[in-house]
Amino acid sequence: MTLDPQLAALRRLGDLPGHRVEKAQRAVALTRGLNGACVSSRRPVVAQDVANDPRYLTTIGGTRGEMIQPVMSESGVVVGTIDVESELANAFSSRDEELLALCAQHIAWLWLASRNDSTTPAVAP
């Protein structure tokens with residue numbers, strides 16, 4: 001998801017073929033859901049079973065596990081998130097978390113380039 005500072009919301013960048021995304025959840029307020037928790041804390045969020053996490057908002061039916069990593073600019077501003085979902089509970093290991101963190105670190109420039117405005121703070125350190 002990418003942070004839209006004008007809407008103060010996270011917007012989905014794309015949807016998976018064959019998975020219906022609830023229209024209401026294509027943009028999520030920064031204060032809501034697991035993605036909102038990730039952005040506000042500036043830390044990864046892992047829900048091994050979303051049914052047991054009251055912050056969870058249904059976006060793709062059948063999701064059981066969800067792992068979210070913040071994507072930050074070099075100055076520590078959150079510019080988006082990488083959200084990985086699984087149909088299996090307990091699907092994510094600590095190695096998966098490490099890999100996702102590494103991915104977020106190396107692709108942050110994509111979010112900044114797509115926004116064409118890296119000076120607009122999203123969630124500052």
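The values are calculated or read from the model by the stated rules, or taken from the named source; none is laboratory data. Treat the numbers as computed from the prediction; the structure is a model and nothing was measured. Heads up, the Cβs are rebuilt from the backbone with ideal geometry, glycines too, and the neighbour counts pull from every protein chain shown.
Some notes on this structure:
- Answer residue from segment 97-125, given it is modelled with pLDDT of 80 or more and of a type in the set (Asp, Glu) and is surrounded by the fewest Cβ atoms within 10 Å (Cβ to Cβ) among those: Glu98
- Selected residue (criterion: modelled with the highest pLDDT) from residues of segment 58-96 that are among the β-branched types (Val, Ile, Thr) and part of a strand (DSSP E or B): Ile68
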